[in-house]
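The values are calculated or read from the model by the stated rules, or taken from the named source; none is laboratory data. Please read all numbers here as calculations on a predicted model, not as lab measurements. Cβ placement follows ideal geometry from the backbone for every residue including glycine, while neighbour counts extend to all protein chains displayed. To get the accessible areas, we keep the full protein, side chains included, count just its heavy atoms, and leave off ligands, DNA and RNA. Shrake-Rupley method; radii C 1.70, N 1.55, O 1.52, S 1.80 Å.
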Amino acid sequence: MIDITADNLYLILPYKVSQLAMLYAKNFDVDIIDAIRAIYNSNTYRDLAREETKLWHYGPVALMEYYMENK
């Protein structure tokens, strides 16, 4: 098992963003590209990209809830 650190977190961010963007697109009935833009421009992404928040542990549903609470 590889430890997630601030130095390697970037490796899992695209997967986390894609999962969240698919859920976002479905829930808000928007194009996947618009969903990806919304995620990357959000406070949620800013927090997800900070290893110390441990948001990378969250699945897409929990990340969506976090996104909705932190718009």
**Study point:** Label point distance in nm, ASN70-HIS57, each placed 7 Å from Cα along Cα→Cβ
**Key:** 1.4 nm
Review point. Each label point is 7 Å from the Cα along the Cα-to-Cβ direction; what then is the distance between the points at VAL30 and ILE4, in nm?
Key: 2.3 nm
**Study point:** Probe 1.4 Å, accessible area per residue of the chain, Å²
**Key:** 67 Å²
Exercise for review: Against the globular-protein guess of 2.2 N^0.38 Å, express the Cα radius of gyration of the chain as a ratio, rounded to two decimals.
Suggested key: 1.06
**Study point:** Under 10 Å, Cβ to Cβ, from ASN70 - net charge with Lys/Arg +1 and Asp/Glu -1
**Key:** -1
